[in-house]
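Below is one structure, written out as structure tokens, with a few remarks after it.
The values are calculated or read from the model by the stated rules, or taken from the named source; none is laboratory data. On a predicted model such as this, the values are computed, not experimentally measured, just so you know. Every residue, glycine among them, receives a Cβ derived from its backbone with ideal geometry; neighbour counts consider all protein chains shown.
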Amino acid sequence: MKASDLLVRCLEAEGVEHIFGVPGEENLDFLDSLSRSSIRLILTRHEQAAGFMAATYGRLTGKPGVCLSTLGPGATNLVTAGAYAQLGAMPMLMITGQKPIKTSKQGHFQIIDTCDMMQPITKYTRQIVSADNIPSRVREAFRLAEQERPGAVHLELPEDIAGEATEGQPMPASRVRRPVAEEKSIRFAVEMIESAKRPLILIGAAANRKLTCRMLRRLIDSTGIPFFSTQMGKGVADEAHPLCLGCAALSSGDFLHQAVAAADVIVNIGHDVVEKPPFFMLPGGVKVIHVNFTTAEVDPVYFPQVEVVGDIANSVWQLANHIRPSDDWDFARFHEVRSAFLEHKARDIDDPRFPICPQRLVADVGRAMPDDGILALDNGIYKIWFARNYEAHQPNTVLLDNALASMGAGLPSAMAARLVNPKRAVMAICGDGGFMMNAQDLETAVRLDQNLVVLILNDHGYGMIKWKQEHMGFADFGLDFTNPDFVKFAEAHGARGHRVESTDALLPLLQECLSTGGVDIIDIPVDYTDNQTVLNEEIPRLSAAL
């Protein structure tokens, strides 16, 4: 067989179901081999969208999503998505083409050192220089992509190598059991928690990667210890639980930070420092127990005193088995914080003003979405509002990126979520800026006959940066733009377009679109006046007075 056939067979042996991408002439052997495969090619309109889809597939399944591009500009277009997967701990394999490496007659046309470019943003990058090396390269790439901490890997297949003859065969996948935490580390953690006065649990992104939700619920219910989450840890424990203090959408100054200030031990389950800090550690302050697959990466605001390193679900199970609730624990302050937070969050959920305010927007989306529905958030100021105010009930139902925090991922992530979960409601939440960065792949969603709702929050500007600009005292400058008619834009791509003309019209429209199927684009004007007044002024003032 030829090398490209072998590569496809190796991917099949790894359980690959989809490849997302934009092929080029250097991929034609591979494309021909793929045409005879069980693997489905999802042709996208931009490589970045293909990469975001592959990363989200990896995030939701735990298996590397695979994306494909040609050399040169195709490969460079995957870089942002590669960094997105690497920082966000999403297993992903990028396959790029290259000119022949033995007898090229085109000089350096389109040639860059792609492997060198990929080195800083991947766990593993290799050029395949022999067809016989393909099985071991593919197996190693998949092993490393899945291994904790997961991330991006890359293989480059030159055009002449792709056509080589080989007698190689796929390598069998190895069965790996994750190591469990050492017994003494569990004992140290248990002793610290039992001797505390006000222990508190924090749930981070790594707890969202594996099936830890049942073990966490058991730990919370058996001990009665209150909890909160990072942005990427939302939903691992049901946020409707009476012990939930909310999500650390802000790094400081929110109501839950009063609970952090009162805590003497924080059990930090699954957080790592790529996320925006959920709170700031200070020397001599709260003690932190780091519970994760890997050891802690120390930085100026995170330096845990005890580490429990091993499979997170097993570690949580062991902690739940050994911790005995103490009569000396006092959670009164935490319950006070929770009550104040819920009272404040409920205050503007029926605000009638138009354009819509973020609090009403989040509330109406929450009213429309079922408990297992999936929100795929692009990056913008609304991400903070959804992280803080949206109540998630199940793991991986709020797909936001608090690591690379790239714009343009909302629509592709929603498309991948729909492929993985064809029977669940999926909604992309995009700002007008982020949507337009990969808007061309609306055609892909329509071509795939997806059931998808895309909500475009229209403020004619880069709202997140405007918020920072105002907070830092700068003049409003350089961040405004005009938008196309999103209704006509949707219709031009074969989707349905809607424009919301009043705040009260949003909820029934969301409910209608979620129930009818197909691709719906909803253009809604949004008023971000509250970004500065509520997030930077009111919440810190009210929480400080608590």
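Overview of results
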read-out	value
Which numbered condition LYS99 misses (of (1) surrounded by 15 or more Cβ atoms within 10 Å (Cβ to Cβ); (2) modelled with pLDDT of 95 or more; (3) of a type in the set (Lys, Arg))	(2)
Any hit, segment 350-364, residues being under 18 Å from LEU542 (Cα atoms) and in contact with a helix residue (DSSP H, G or I) (Cβ under 8 Å, 6 or more places away or on another chain)	yes
All positions within segment 441-497 that are touching a Pro at 6+ places or on another chain (Cβ under 7 Å) and part of a helix (DSSP H, G or I)	ASP441
Pairs where the first residue, in segment 460-473, is in the same structural domain as CYS430 (by TED's automatic domain parsing) and the second is hydroxyl-bearing (Ser, Thr, Tyr), C-beta under 9 Å, 6+ apart	HIS460/THR482; GLY461/TYR528; GLY463/TYR382; GLY463/TYR528; MET464/TYR382; LYS466/TYR528; TRP467/TYR528
Helices (runs of 4 or more DSSP H) wholly inside segment 109-195 that include at least 1 residues being among the aromatic types (Phe, Trp, Tyr) and more than 25 Å from the chain's Cα centre (by Cα)	183-194
Residue list for segment 198-239, filter: in contact (Cβ under 8 Å) with a residue 60 or more places away in the chain, closer than 18 Å to ALA313 by Cα and acidic (Asp, Glu)	ASP238
Qualifying residue in segment 177-197 (condition: without any contact (Cβ under 8 Å) to a residue 60 or more places away in the chain, polar (S, T, N, Q) and surrounded by fewer than 16 Cβ atoms within 10 Å (Cβ to Cβ))	no
Residue in segment 390-401 that is farthest from ASP372 (Cα to Cα), counting only those that are buried (at least 24 other Cβ atoms within 10 Å of the Cβ) and either touching a Cys at 6+ places or on another chain (Cβ under 6 Å) or of a type outside the set (Ser, Thr, Tyr) (or both)	ASP401
Single residue of segment 406-440 satisfying the filter (touching a residue at least 40 places away in the same chain (Cβ under 8 Å), assigned to a loop (DSSP other than H, G, I, E, B) and of a type outside the set (Lys, Arg)) that is surrounded by the fewest Cβ atoms within 10 Å (Cβ to Cβ)	ASN421
